[in-house]
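Shown next, in C-alpha cells, is the structure this report addresses.
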C-alpha cells in the first residue's frame, strides 16, 4: 500500500486556501441575500394553487409582512379586468382566494404592491384544460 505524505507548508497553505474560499463564498451569499431582501420589502411572497373543485379554482397568498406595512393585492383575469383589489396592513398575511374556473384557458395575475416603497411582485397563473384519451388494445381470444 502506498502512503502519501504532505509537507507541513502544503498542509497549511491548503487549509488557508479553503478558509479563504469559504469566507469569500459566505460573504457573497450574505451580500446577495441582503440585496434580495432590500429589493423585496415583504420577504418571500408565496402564491399557490390549492386545487379545483367543480368550476372553482382555489389559491392561497402568503405575505410575510413582519412590520405590518400597508400593501395591496390586485388580481386580474386573462383580459386584464381587475377581479379583486384590496388594501391590507396585516402582519404575516395569509388568505385563500376562490375564482370562477374558465372553460379552456385561464390566466390570472396576482399583483402584490408595497405602499412603503411602491414596489410590486407579480405572479402569473396560467392553466390549460385538456383531455387525455386512453386507447387500450387487447388481443381477442
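The values are calculated or read from the model by the stated rules, or taken from the named source; none is laboratory data. Values in this document were obtained by computation on a predicted structure and should not be read as measured data. Neighbour counts are summed over all protein chains in view; Cβ atoms, including those assigned to glycine, are modelled from backbone coordinates with ideal geometry.
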Subject >> Filter pass, residue 82 being exposed (fewer than 12 other Cβ atoms within 10 Å of the Cβ) and either more than 30 Å from residue 130 (Cα to Cα) or free of Cβ contacts under 8 Å to residues at least 12 places away in the same chain (or both) >> reply: yes
Subject >> Looking only at the stretch 114-124, and only at residues there that are in a strand (DSSP E or B) and without any contact (Cβ under 8 Å) to a residue 40 or more places away in the chain, the one that is nearest to residue 50 (Cα to Cα) >> reply: 124
**OP:** Could you check how many residues of the stretch 116-137 are within 22 Å of residue 82 (Cα to Cα) and either modelled with pLDDT under 85 or in contact with a strand residue (DSSP E or B) (Cβ under 6 Å, 6 or more places away or on another chain) (or both)?
**Re:** 9
Original post:
If you go through the stretch 65-79, how many residues are under 30 Å from residue 131 (Cα atoms), surrounded by 11 or more Cβ atoms within 10 Å (Cβ to Cβ) and over 19 Å from the mean Cα position of the chain (by Cα)?
Top reply: 2
